[in-house]
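What follows is a set of notes on a single structure, which appears directly below.
The values are calculated or read from the model by the stated rules, or taken from the named source; none is laboratory data. Please read these numbers as outputs of a predicted model, since none were measured by experiment. Virtual Cβ from ideal backbone geometry, glycine too; neighbours counted across all protein chains shown. Note: accessible area is taken over every heavy atom of the protein model, side chains too, but ligands, DNA and RNA are not part of it. Shrake-Rupley method; radii C 1.70, N 1.55, O 1.52, S 1.80 Å.
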Amino acid sequence: MHHHAAFHDPVLVALSILIAALASYTALDLATRMRAASGRARRSWLVAAAIAMGGGIWSMHFVGMLAFSLPGIEISYDPFLTLLSLVIPIVVAAAAFAVVGRRPRALLASGFAMGLGISGMHYTGMAAMRMAALMEYDPRWVVLSILIAISASVVALWLAFRNTNAVQRLFAGLVMGLAVSGMHYAAMEGAMFLPTNTMARQAGHLGVGQAPLAFLLAGITIVILSIGIAAAVYDRASAERAQREADALRRSEERFRLLVEGIVDHAIFMLDPDGRVGNWNLGAHRLMGYGDDIVGTSYTIFHTEEDCAAGAPARALVEAEREGKSAIEGWRIRKDGSRFWAEATIVAVRNESGAIAGFAKIVRDVSERRRAQDALDRAREALMMSQKMETIGQLTGGVAHDFNNLLAAVLGSLELLKRRLPPGDAKVQRLVDNATLGAQRGASLTQRMLAFARKQDLRPAVVDIHELVHGMASLLKFEAGIRVETLFPMDLPKVRVDANQLELAVLNLAVNARDAMPGGGLITIAAREERGDGGLRTSDYVALSVSDTGCGMDDETLRHAQEPFFTTKGVGKGTGLGLSMVHGLAEQSGGKLALRSLPGEGTTAEVWLPMAGETAVPDPRAEAPAPVPRASRQLSVLVVDDDLLVLENTAAMLDDLGHIVVEARSGDEALALLRRTRTVDLVVTDYAMPGMTGLQLASAVAAERPGTVILLSTGYAEIPSDERSSLPRLSKPFDQAALAKAIEAAMREDEPTGSIVAFRPKSA
C-alpha cells in the first residue's frame with residue numbers, strides 16, 4: 001500500500017505542531033537562562049533546555065504518528081527503540097548547546113550534528129513501529145527531511161545564544177515548531193507501506209498500542225513543557241525583579257555618587273585591600289591636587305617621609321581591619337609638595353562573607369582648627385604665666401611692704417643714733433655709716449620688688465630720653481672691651497615716666513648687656529616712635545631699646561627672664577630682680593617690656609613708654625636736694641601704726657624735729673586718744689592696719705574734728721578709691737628728711753592733693 005492511501009487527523013496534526021512550537025520556545029528560553037548563569041546553575045539550565053528540545057521533538061513525533069492512520073492495519077511500537085528514540089534527541093541537543101555555549105564558532109558543526117540526531121530520532125521511532133506492513137522510503141524525501149532538521153537545529157542554536165526578548169522568542173518558537181513539524185511530515189511523505197499478514201500477527205503480541213502510548217506521551221510532554229514554561233516564567237519574573245532591584249540599586253548608587261561628589265571639603269576615596277587607590281571624589285581631587293593618574297598608586301604617597309619610615313600607613317590599615325575603623329591626625333602632602341594638617345579616618349569595607357573588600361578613607365583639612373588650637377594653647381600658656389606673675393607679684397609686694405616697715409625703723413634709728421654719737425669716734429661713725437648703707441641697699445631691693453609688683457610710688461614727669469641717657473654717660477662706662485653707642489632721632493618725643501626709676505631701669509639693662517658679653521662687644525641704646533597695639537592704654541609710644549652682641553638666650557630662658565629672682569649669672573652674682581623691676585616700671589607707667597633674643601646673636605630689651613601729654617608734671621630731678629629742715633612751728637602730732645618698731649622710730653624722728661608726739665597702735669586707740677586730747681594739729685597714720693585702715697581712720701577723724709591735717713604713710717602705690725584717697729602720702733621706708741618734707745607739704749594749704757613724698761635710696 002502506498003502512503004497516499006493513508007490519511008492524517010487534522011486535530012492531532014495541529015497538536016503536534018503546537019507541541020513542537022512550545023518545545024522550541026521553552027528550549028530557547030531555558031537556553032537564555034543557561035547563558036546568563038554559571039557553575040551548577042548553568043548545568044541545570046543546560047539539562048532543562050536539552051530535555052525540552054529533545055523531549056518536545058520526540059513528543060511531537062509520536063503525536064504526529066498518532067495522527068497518521070492506515071486503514072485495516074493495527075500499529076504498535078517496540079519499547080526499546082521507542083526509548084532510544086527519546087534519548088537520542090536529548091543527548092544531541094545537550095551536546096550541541098554545551099559546545100556552542102563555550103565555542104560559538106562551532107555553530108554550524110553543532111547544528112549539523114543536532115540535525116542528524118533529530119533525523120535519527122525520527123527514523124528510529126519509525127523503526128520502532130510494529131504493524132502488518134513493510135516500510136520503504138523515497139530517498140528524495142529522506143534527504144529533504146534531514147536538511148530541514150539540520151537547518152532547524154542551526155537556527156535553534158543561533159537563537160539560543162542571542163539576546164532576544166520574549167516576543168522574539170515566541171515568534172522563533174513558532175517558526176521552529178513549524179520547521180520541526182515540517183521535517184516530520186516530509187519524512188512521512190517519503191514513507192511507503194506494503195501490508196503483510198505475518199507481521200500483523202507479530203505486532204499484536206510484541207508492541208505497545210499506538211493510541212495509548214501517543215496520548216500518554218503527549219500528556220507527559222505537555223506537563224513537562226508546562227512545568228518548563230512555568231519555571232521560565234518564574235525565572236523571567238525573578239530576573240525582571242532582580243533587574244528592577246539592580247536598577248534601583250544603580251539609581252541609589254548614582255544618587256550616592258552625586259552626594260559623594262558634591263562633598264568638596266572632604267576627600268573621600270576607596271582603597272583596595274593592599275592600600276592602592278581605586279576611586280575618589282571631587283573633594284579629594286581638590287584637596288590633594290592629583291588627577292586620574294593616582295588610581296592604582298599606593299596611598300602612602302599622601303604621607304610624609306617620616307610617617308612612611310615609621311610604618312604609620314601600614315599600621316593604620318591593620319588597625320582599621322582589626323577594629324573596623326582607624327582615626328588619626330597628622331601631616332599630609334599634596335601633589336605640589338605642600339603640607340597640611342589632616343584629620344584622616346579609614347573604615348574597613350567587608351563583603352557578604354566578612355572578608356576585607358577594601359577600605360574607605362575620609363580626609364579633612366583641619367589646618368585652621370590646628371592653628372586656632374595652637375593660638376588657644378599659647379593664650380592659655382600666657383594666661384597661666386600672667387596668673388603666675390600676678391601671684392608672685394602679690395607675694396613680692398606683701399614681703400616688700402613688711403620689709404619696708406623694718407627698714408623704716410632701721411634707717412630712722414641709725415639716723416638719730418648718728419646725730420648722738422661723739423664726733424671724735426671715727427670707727428663708730430664708720431660702723432653706723434656701713435649699717436646705714438646696708439639699710440639703703442635693702443630699701444633699693446624692696447623698691448625693685450615693689451616695681452615688679454607694680455606697687456611702688458612713682459612720680460611721673462616729662463622726660464627727654466636722649467638727655468636722660470646722655471646724663472648717665474658716667475654710669476655707662478664699662479671695661480675697655482665694652483663699647484656703648486646711642487642712636488636717637490633728633491625729633492624724638494618726650495615721655496611720661498618716673499625719671500629716677502627709668503634711669504635705674506636703663507642702668508640695669510646696660511649691666512645685663514655687659515654681663516652677657518664677657519669677651520667684650522657692643523651695647524646699643526636707641527629709641528624710636530611706635531604705635532601701640534590693642535593691649536596697651538594709648539596709641540603713641542616711644543620704644544627705648546638696649547641691645548647687645550652677647551651670647552643671647554634660648555626660648556626656655558627667654559620665657560622665664562622676667563620672673564623675679566630668676567638669674568643666669570650664678571649664685572651671688574645677681575638678685576634676679578633687674579628685668580622684673582623694668583617690667584614692673586613699664587607696666588605701671590602704661591607701657592610694656594619686650595625681649596628678643598637668639599642664642600649666639602645677642603639680646604634686645606625694649607621698654608615702651610607713653611608719650612608725654614600737655615598736663616605732664618616737670619622732671620622732679622631738677623629739684624635740688626634740701627637739708628633736713630627744722631620745724632617752722634611746733635605741732636601736736638598723733639602717730640598711728642600697728643608696727644611698734646615703726647611707731648617708736650617715727651615718734652623719735654618727730655620728737656627730734658621739735659614736735660609734740662602722741663602714739664597709738666591702732667585706729668580705735670587713735671580715736672580714743674583724739675577724744676581725750678584737746679589739740680591735735682596733724683595725724684600721721686599707716687594705711688595697712690588690722691581692724692581699721694588708714695583711710696577709714698581719716699574718715700572718722702574728719703567727722704569728729706574737721707580741718708585736722710592727715711598724712712598717710714604707706715608702702716603701696718595703689719590705694720582703693722575713696723573720698724579720702726587723695727590725702728598727702730609718705731612712702732615707706734622714709735628718713736627724717738622725707739618725713740619733715742611731707743609734714744611741711746601737708747601743712748601748706750596750696751599743696752595739691754594726692755602728693756607723694758618718697759625716699760630715694762641709692763642703688764646697690
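Annotations for the structure displayed:
- Scanning the range 1-17 for residues being among the small types (Gly, Ala, Ser) and at pLDDT below 70 gives a total of 2.
- For residue 20, the test of being at pLDDT below 70, farther than 15 Å from residue 230 by Cα and not aromatic (Phe, Trp, Tyr) is failed.
- Some residue of the range 39-62 being at pLDDT below 75 and closer than 25 Å to residue 192 by Cα: yes
- Odd one out for residue 326 among (1) surrounded by 16 or more Cβ atoms within 10 Å (Cβ to Cβ); (2) more than 16 Å from residue 362 (Cα to Cα); (3) among the hydroxyl-bearing types (Ser, Thr, Tyr): (2)
- Counting the residues of the range 658-706 that are of a type in the set (A, V, I, L, M) and assigned to a helix (DSSP H, G or I) gives 12.
- Counted residues, the range 262-282 - those being surrounded by fewer than 14 Cβ atoms within 10 Å (Cβ to Cβ), touching a Gly at 6+ places or on another chain (Cβ under 7 Å) and without any contact (Cβ under 8 Å) to a residue 24 or more places away in the chain: 1
- Residue 524 meets the conditions (1) assigned to a loop (DSSP other than H, G, I, E, B); (2) touching a residue at least 24 places away in the same chain (Cβ under 8 Å) in every case but one. The failed one is (1).
- Boolean, residue 758 is in contact with a Leu (Cβ under 7 Å, 6 or more places away or on another chain), of a type in the set (Gly, Ala, Ser), at pLDDT below 85 and surrounded by 15 or more Cβ atoms within 10 Å (Cβ to Cβ): no
- Within the range 637-688, the residues that satisfy the criterion of being hydroxyl-bearing (Ser, Thr, Tyr) and modelled with pLDDT under 90 are 650, 677, 679, 687.
- Entry remark, the range 288-315: residues being assigned to a loop (DSSP other than H, G, I, E, B) and either surrounded by 13 or more Cβ atoms within 10 Å (Cβ to Cβ) or of a type in the set (Lys, Arg) (or both) number 5 in total.
- Pairs with Cβ under 6 Å, 6+ apart, first in the range 283-297 and on the phi > 0 side of the Ramachandran plot, second outside any helix (DSSP H, G or I): 289/334; 289/335; 289/336; 296/276
- All conditions but one from (1) open to solvent by less than 50 Å² (accessible area, probe 1.4 Å); (2) of a type in the set (A, V, I, L, M); (3) not in a strand (DSSP E or B) apply to residue 318; the one that does not is (1).
Table: residues versus (1) in contact with a Cys (Cβ under 9 Å, 6 or more places away or on another chain); (2) open to solvent by 30 Å² or more (accessible area, probe 1.4 Å); (3) at pLDDT below 75; (4) among the β-branched types (Val, Ile, Thr).
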| residue | (1), (2), (3), (4) |
| --- | --- |
| 124 | no, no, no, yes |
| 127 | no, yes, no, no |
| 136 | no, yes, no, no |
| 140 | no, yes, no, no |
| 145 | no, no, no, no |
| 174 | no, yes, yes, no |
| 190 | no, no, yes, no |
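- All positions within the range 337-364 that are under 18 Å from residue 322 (Cβ atoms), open to solvent by less than 60 Å² (accessible area, probe 1.4 Å) and not in a strand (DSSP E or B): 354, 355
- Looking only at the range 37-58, and only at residues there that are of a type in the set (Val, Ile, Thr) and open to solvent by 20 Å² or more (accessible area, probe 1.4 Å), the one that is nearest to residue 117 (Cα to Cα): 51
- Pick from the range 88-111, criterion at pLDDT 80 or above, surrounded by fewer than 16 Cβ atoms within 10 Å (Cβ to Cβ) and of a type outside the set (Gly, Ala, Ser), ranking: farthest from residue 34 (Cα to Cα): 108
- Any hit, the range 489-500, residues being loosely packed, with under 14 Cβ neighbours inside 10 Å, in contact (Cβ under 8 Å) with a residue 12 or more places away in the chain and not small (Gly, Ala, Ser): yes
- Flag for residue 337 being small (Gly, Ala, Ser), closer than 21 Å to residue 305 by Cα and more than 20 Å from the chain's Cα centre (by Cα): yes
- Residue pairs meeting the criteria (Cβ under 6 Å; at least 6 apart or on separate chains; first within 18 Å of residue 592 (Cβ to Cβ) and in a helix (DSSP H, G or I), in the range 449-478; second open to solvent by less than 10 Å² (accessible area, probe 1.4 Å) and modelled with pLDDT under 85): 451/581; 451/584; 451/585; 452/396; 452/580; 452/581; 452/584
- If the condition is being farther than 24 Å from residue 659 by Cα, of a type outside the set (S, T, N, Q) and open to solvent by 40 Å² or more (accessible area, probe 1.4 Å), then the range 682-704 contributes 690, 691, 703.
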